[in-house]
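Below: one structure, written as structure tokens.
Where a number appears in this text, it was derived from the coordinates with a stated rule and is not lab data. Model, not experiment: these values are computed from the prediction. Here Cβ is always computed from backbone atoms with ideal geometry, including for glycine, and neighbour counts include all displayed protein chains.
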Amino acid sequence: MRLSFPNPSRSFDATKKQVRFWGYDNAIEVSFLVEEGALEKLCPDMSHTESGFLDAFDDARTRIHEVADRIYARRRKRTFGFCLAAKDL
């Protein structure tokens, strides 16, 4: 992986219905959002509550990190924020 994910923290954005997490390229922090549709694709039976979103993220964490790394590798030119959609999975 080009990115590392040493920080297991993630947070739920209720307004956007997305989960935010962070990866690191050496000392550079890269922010990611995972859209509701992406989480539904990974965990079709997820609950649409804050805990449901976070549980779905935790259940699919390995796959989400793989996709985040792939997307970052393709588009990393001075971009430090990415959004993962269902089409990315």
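Overview of values
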quantity	calculated
Size of charge dipole - the chain - debye, nearest 20, with Cβ of Lys, Arg +1 and Asp, Glu -1, no other charges	620 debye
Shape of the chain, Cα gyration tensor, a/c cut at 1.5	prolate
Length-normalised contact order of the chain in % [C-alpha pairs under 8 Å, at least 6 apart]	31 percent
Counting DSSP beta bridges with both ends in the chain, the antiparallel % (nearest 5)	75 percent
Furthest towards positive pole of dipole, Ala73, Ser47, Val34, structure part the chain, Cβ charges	Ala73
Mean ellipticity per residue at 222 nm, deg cm²/dmol - from DSSP H runs of n ≥ 4 across the chain, formula -39500 (n - 2.57)	-11000 deg cm²/dmol
Projected label distance in nm at Asp45 and Lys16, using a 7 Å step from Cα toward the beta-carbon	3.0 nm
